[in-house]
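Derivation of every value follows stated rules applied to the coordinates shown; laboratory data play no part. The shown structure was predicted, so the numbers you read here are calculated from the model rather than taken from an experiment. Neighbour counts are summed over all protein chains in view; Cβ atoms, including those assigned to glycine, are modelled from backbone coordinates with ideal geometry.
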């Protein structure tokens, strides 16, 4: 019986390790795809974004230089999308667009650095049309049912959403919200995605 339990535990451990490796490879792939977005030229041998972006669901990249945060933006915020990056909330504006861009991410992965975000920090959203610059206005902690945090405001805005508290084990009871405004409706440079 003890030998059977040992084999069972080794098998379970191997399966868990395999799963972690597969997810790690997928995440690294989405990171590489996002890094290719917005770059004017690709070096010889590098993967271009075109069809790869469409197939992976990666539509851009979010960067917060002060927090050393750089993550892919995926086209949805379902379970699989959030494993690969930060998810765009359908029905909200696109980067640089009129309205509020809504992005959601896990507090224990891509959005973990948000615990150190502060007003006046720059947030960059990079997509195939270029780089859009936002500035953080405020943060707040709300209950999960407070969907009005995504409402359209007087000027184009960005709302980042993650669970709170950051160190909570399990499904967190609240949401950490970052509010930012668009600095210019014109993106920096136009990227070349092949």
Q.
Could you sort the peptides 96-102, 74-80, 116-122 by per-residue average Cβ neighbour count (10 Å cutoff), highest mean leading?
A. 96-102, 74-80, 116-122
Q) How big is D, in µm² s⁻¹, for region 103-194 by Stokes-Einstein at 4 °C and 1.567 mPa s if Rh is the Kirkwood radius over C-alpha pairs? A) 91
**Q.** Residue order, fewest to most beta carbons within 10 Å, for 81, 70, 143
**A.** 143, 70, 81
